[in-house]
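What follows is a set of notes on a single structure, which appears directly below.
The values are calculated or read from the model by the stated rules, or taken from the named source; none is laboratory data. Everything numeric here is computed off the predicted structure, so don't read it as measured data. So basically every Cβ, Gly included, is an ideal-geometry build from the backbone, and we count neighbours across all protein chains shown. Just the protein is used for accessible areas: all its heavy atoms, side chains included, with ligands, DNA and RNA removed. Shrake-Rupley method; radii C 1.70, N 1.55, O 1.52, S 1.80 Å.
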Amino acid sequence: MAAEVELKAGIPSGRKVITGNYAVSYGAALARAQVIAAYPITPQTQIVELLADFCAEGLLQAKFIKVESEHSAMAACIGASAVGARAFTATSAQGLALMHEMLHWAAGARLPVVLANVNRAMGPPWSIWTDQNDSLSQRDTGWIQYYCESNQEALDTVIQAYKVAERVSLPAMLVLDAFFLSHTSEPVEIPEQGLVDRYLPPYRPKYKLDLADPRAFGGITMPSEYFELRYKIQKAMEEALAVAEEADLEFKRLFGRGYGLVEPYRLEGAELALVTSGTVTSTARLVIDRLRAEGEKVGLLKARLFRPFPTSLVREHLLGILKIAVIDRNISFGHGGIFAQEIKSALYNHGQPPLFGFIAGLGGRDITPELIEEIIEYALSHDRPEEEIIWMGVKR
Amino acid sequence: MSTKEFAPDRPITFAAEREMPPMAVSLGTTLANKTGSWRYLRPVYDEKKPPCNHACPAGNDIRGFIALILKGRLAEARELLCETNPFPAITGRVCHHPCELECNRREFDEPLSIRALERLAGDKGYKALRAPHKRHEERIAVVGSGPAGLSCAYFLARRGYHVTILESEREPGGMLRWGIPEYRLPKGVLDRELALLKGMGIELKVGVRVGQDVRLEELDADAIFLAVGATKGLELDLPGLEAEGVLHGLEFLKRVNFGERVELGERVAIIGGGNTAMDAARVALRLGAKPIVIYRRTRAEMPAIPEEVEAALEEGIEFLFLAAPIEVLTTDGQLKGARFTRMELGPPDETGRRRPIPIKGSEFEMELDNLILAVGERPDLSFLPEGVELKEGRVNDPVLVRALKAPIFAGGDAATEAGTVVDAIASGRRVAEAIDRHLRGLPEPAKGEEPVLVPFARINLDYFEPRPRVQGRTLAVPERVTNFREVELGLSLEEGQLEAERCFSCGVCNQCDNCITYCPDVAISRHDDEYEVDYDYCKGCGICAQECPRWVISLVEEEK
Ligand SMILES: Cc1cc2nc3c(=O)[nH]c(=O)nc-3n(C[C@H](O)[C@H](O)[C@H](O)COP(=O)(O)OP(=O)(O)OC[C@H]3O[C@@H](n4cnc5c(N)ncnc54)[C@H](O)[C@@H]3O)c2cc1C
Ligand code: SF4
Ligand code: SF4
Ligand code: SF4
């Protein structure tokens, strides 16, 4: 028998200045992840390093499984989740891509694994800096996706993600920008374990691998049933919208902080709405404040939940605004920015204000306040976009 | 939902998605699906023999006693050793350890320190033995109390026979006492091991030379074992050998071992390359001389145990290879020196070693105070009728049969070529079994099948990490060359356990549970230390066999 780890006092609460990566580690530890399997990749590595320390020090009673690839990491999480354990992993870029097959599996098997993806641009060419193509490429795998703006939000979202995922039996991914968040320190409120436990009860799945009552999982399924099982995943995604909203409200009641599924910022009376996700939002808030002070009627909508897509919330906040400008730190080659597409399709059949799709900041290039001003300038000075994709800052 | 509720006798169909579970999961138990029907290879627990065990002439269960050391159970470790070898504290010191040469770990990093571990068990697991019940009437006489005689007596006593040992010297032990010096095998250790035999009720008569004090024919016994060793030093045909200052190796060692003060000069040459030569040189050094070993072949051909040569070199003893004496130089019957000739190696002789040939005109002289001859020993069989040759086992020589009432057996150095302690012990055991069969009228055992040994390639190295061998500490050279203190200091229990951890446990299950962990069909279960495969569900994938680190599990084809 393995030696019993001495259970220390647990994760200490209080205010701490930590990086986004560590915030994620604290979130996973407070959520009492029971199995952690991960493979290191810059810029994600510190997340699992700290979790490994927590395990070694006995602050966290979890099984830490060292694996030889991200594919195995996700496979281990799937196995753990299938027996009813709370499983956690973290990755980036090529690592997430390597997990792709298993991402489908986790969702199809309806396992509430939680994954933190530190957005890193896909290679080649090698880059370690941020953009969203890695996570957005996994759009159709059946995973819930949250995009985080701050270190505090990253910590809180891990906990919320488990709550939602376990309620609807779907896996959830939270996404944070490489370096801008992952390696930047901010003051973070580390909640009390007791409070987190109240918010997030132990995971008790209805169906699980059980030696006492063995059953077959994921076996071959005929066309007569497969179709319905897919239908159920979509229904669970739809349910997840309400569950996520409720989970955020409950979080706010308990911890005094909430984020919404989308967050309108100074949208009242705006004639132009900027749409952003991730850390660009923080920069954009600054620009909006400045322009508002100058009397410009501009506002901001932060996209936090990407899957399931909060279509009605988007409509609620954006319909009636004259113009919409979306900043995408990603590109679906052959079409355009992905958030722009999603918002367009949400608004289709509903009046369709002109929408400007901007691509900026790929591979970690800075999206500065000046650049955002330029974007707003463009949208304000044009009736409609001159091009389907407006590239910001391409050296031509 | 209980399993029973859903144990289906007909297919489950769903009318609407609401009735379906969220994921593809069987609502009935999978126990109904006997995956064993897919199997064409059957895993079976099939322990095999570790190569170390096979290489030990005594057949020690090395893996077994090491596993007991690992658990800190030293008395049981010794007990297990004593099933095959009554003197683990002795072999644990002086054995030439062929086991280590075959240890699979050798190909990975370094062999296990088997001999040192055996010593640990022998020393620290020491426990008195009770006298076995004497259930047979027959009495057996053992001539010679070297390891062969002692071992035979031990195994016969265990089988319930009355045994009497006759020994010509005043103390028992043979070469263990008067060949091997104190710094390799302390007399205290020997006495402790011998005390056990007394406790078993074995009778020992010392100072009785068979053929001199009592005639062989007069021995009152139902069987006789001759284990008289090879105690007579071989002579060289050299002019001047009778000079004062010329000594015979074995005789020299015997005098020192029996506590006599032997005076040596400064320059002492030892002729020979075996254990006797090494010990004579190391003893001479300890008596204050400056010994030089002169051997007619090279280091590679030396019959001595390599560690002994190593130790002699370490202690600063000089070696001269490819040289042999041709004449002893004397003045007034006193040794003054010797003439030598240089040798070269010619084609191999009948022993497979290259024959040394003198190089013409290469003669040289060396001034010497003493010359010690240690060129080999042979049995002294002068008490036997003319022309009788001894071979291990029952001696069927017609001359002997006519002269004796009792059947006669031989073993040890007197009857084998091996010339080692462990071979003598093994020989004693084989003869004890032969005597028992003879007296009980039992047939020779049928020759069993060759055991399946575990080759290195069958060890799953993914489960092991290279780690240096734990070598017992030794006395520093300056601390040992002026006295007869034991050179090797042995292992502590902690060191022993550290070393024991390195053992692969080749072919023998050590309950690591890997097979259980890896079986994807959860078809393996453990009951205490036994494992069972549920063949209803084992689908024959062979993962257990692959992941067993030590080749315990064999895959056999299903006959279907
Ligand atoms: C100096 C030296 C160092 C050695 N070192 C090692 C070593 O490190 N490792 C190793 O494995 N081997 C070593 N050997 C070899 C080993 O000691 C022998 O192979 C082994 O002792 C043989 O055992 P045995 O019982 O056949 O004979 P022995 O040990 O020779 O015992 C024979 C006994 O019979 C007695 N005897 C003889 N004739 C009579 C008689 N007529 N009546 C009554 N008693 C009689 C003798 O006194 C003696 O006690 C060494 C040998 C020598 C000489
Ligand atoms: S008696 Fe010799 S060969 Fe046998 S286990 Fe001991 S050291 Fe090895
Ligand atoms: S590893 Fe252990 S069992 Fe295998 S040969 Fe060496 S001592 Fe024997
Ligand atoms: S895997 Fe371990 S438990 Fe199973 S047979 Fe091999 S040694 Fe024994």
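Below, the figures for the structure above:
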| item | result |
| --- | --- |
| Per-selection Kirkwood Rh - segment A:105-182 (Cα, Å, 1 d.p.) | 12.8 |
| Accessible area of the protein assembly as shown belonging to carbon and sulfur atoms, whole % at 1.4 Å probe | 51 |
| Sequence-distant aspartates and glutamates (8 or more away, or on other chains) whose Cα lies within less than 15 Å of A:Lys395 | A:Asp366 |
| Equivalent ellipsoid semi-axes - Cα gyration tensor, chain B, angstrom | 57, 30, 21 |
| Calculated FRET efficiency for the pair B:Lys391/B:Lys447, C-beta based, R₀ 25 Å, to 0.05 | 0.85 |
| Those residues of segment A:341-369 whose amide nitrogen sits under 17 Å from the label point placed on A:Leu319, 7 Å along Cα→Cβ | A:343-355 |
| Computed lengthening from B:Leu320 to B:Thr13, 0.36 nm per intervening residue step minus Cα-Cα distance | 101.2 nm |
| Cα convex hull volume per residue for segment A:2-255 (Å³) | 128 |
| Cubic angstrom per residue, convex hull over Cα atoms of the protein assembly as shown | 268 |
| Charge dipole of chain B about the Cα centre (unit charges at C-beta), most positive-ward option of B:Thr482, B:Thr84, B:Pro306 | B:Thr84 |
| Segment B:438-540: relative contact order in percent, alpha carbon pairs under 8 Å with at least 6 residues between | 17 |
| Extent along principal axes [Cα atoms of segment B:176-228; Å; largest to smallest] | 39, 25, 16 |
| Per-pair calculated FRET efficiency, R0 = 45 Å: B:Arg158 and B:Leu461 via Cβ, rounded to 0.05 | 0.65 |
| Heavy-atom accessible area order for A:Tyr226, A:Tyr22, largest first, 1.4 Å probe | A:Tyr226, A:Tyr22 |
| Length gained when the stretch B:Thr351-B:Leu475 is fully extended (0.36 nm per residue, less Cα-Cα span) | 41.0 nm |
| Cα centroid separation, segment B:383-412 to segment B:235-285 (Å) | 33 |
| Relative packing of B:43-53, A:34-44, which averages over residues the other C-beta atoms within 10 Å, highest first | A:34-44, B:43-53 |
| 5 Å-binned pair-distance histogram of segment B:46-100 (Cα, whole percent) | 5, 20, 30, 27, 15, 2, 1 |
| Antiparallel DSSP beta bridges within segment A:262-391, as percent of all bridges there, nearest 5 | 25 |
| Accessible surface, 1.4 Å probe, highest first, among residues A:Trp105, A:Trp126 | A:Trp126, A:Trp105 |
| For chain B: relative contact order, % (alpha-carbon pairs under 8 angstrom, 6 or more apart) | 22 |
| Per residue Cα convex hull volume in Å³ - calculated over segment B:461-539 | 136 |
| Convex hull projection area averaged over all views, segment B:333-415, Cα basis, nm² | 9.5 |
| Exercise: per-residue mean of other protein chain Cβ atoms within 10 Å, A:229-239 | 2 |
| Relative counts (whole %) of C-alpha pair distances in segment B:260-308, using bins that are 5 Å wide | 5, 23, 30, 22, 12, 7, 1 |
| Under 19 Å from the Cα of B:Lys336 - lysines, other chains or at least 8 residues apart | B:Lys290 |
| Antiparallel DSSP beta bridges within the protein assembly as shown, percent to nearest 5 | 40 |
| Under 13 Å, Cβ to Cβ, from B:Glu76 - net charge with Lys/Arg +1 and Asp/Glu -1 | +2 |
| Angle in degrees between helix B:147-158 and the longest Cα principal axis of chain B, rounded to the nearest 10 | 50 |
| Partners for B:Lys134 among aspartates and glutamates (Cα-Cα distance below 20 Å; same-chain residues under 8 apart left out) | B:Glu83, B:Glu203, B:Asp220, B:Asp222, B:Glu433, B:Asp436 |
| Sum of side-chain charges, B:His438 neighbourhood, beta-carbon under 11 Å (Lys, Arg +1; Asp, Glu -1) | -2 |
| Environment charge of A:Leu371, counting only residues whose C-beta is closer than 11 Å and scoring Lys/Arg +1, Asp/Glu -1 | -4 |
| Convex hull of segment A:20-127 built on C-alpha atoms - directionally averaged projected area, nm² | 6.2 |
| Paramagnetic reach from B:Asp332 (point 7 Å along Cα→Cβ, amide N under 16 Å) across segment B:237-277 | B:243-245 |
| Computed over chain A: relative contact order in percent, which uses C-alpha pairs under 8 Å that are six or more apart | 16 |
| Compactness of segment B:420-553 - radius of gyration and Dmax, Cα, Å | 22.8, 71 |
| Label-to-label distance, nm, for residues given as B:Asn510 and A:Asp53 (7 Å Cα→Cβ offset) | 3.5 |
| Over segment A:207-256: Kirkwood hydrodynamic radius from C-alpha pairwise inverse distances, Å | 14.0 |
| B:Ala195-B:His136 FRET efficiency (beta carbon distance; Förster radius 22 Å; 0.05 resolution) | 0.35 |
| √(5λ) per eigenvalue of the Cα gyration tensor, segment B:209-345, largest first, Å | 31, 19, 17 |
| Loop GluC sites (Glu not before Pro), segment B:253-314, which have at most 14 other Cβ atoms in a 10 Å radius of their Cβ (DSSP) | B:Glu260, B:Glu263, B:Glu266 |
| Considering only segment A:2-255, percent of DSSP beta bridges that pair antiparallel, nearest 5 | 25 |
| Cα-only Debye scattering, segment A:248-396: base-10 log of I(q)/I(0) at q = 0.09, 0.15, 0.18, 0.19 Å⁻¹ | -0.26, -0.74, -1.07, -1.19 |
| Of A:Lys252/A:Lys297; B:Lys205/B:Lys232; B:Lys198/B:Lys254; A:Lys163/A:Lys252; A:Lys297/A:Lys323; A:Lys302/A:Lys344, pairs whose Cα-Cα distance is over 19 Å | A:Lys252/A:Lys297; B:Lys205/B:Lys232; B:Lys198/B:Lys254 |
| Descending semi-axes in Å of segment B:121-251, equivalent ellipsoid built from Cα gyration tensor | 31, 21, 10 |
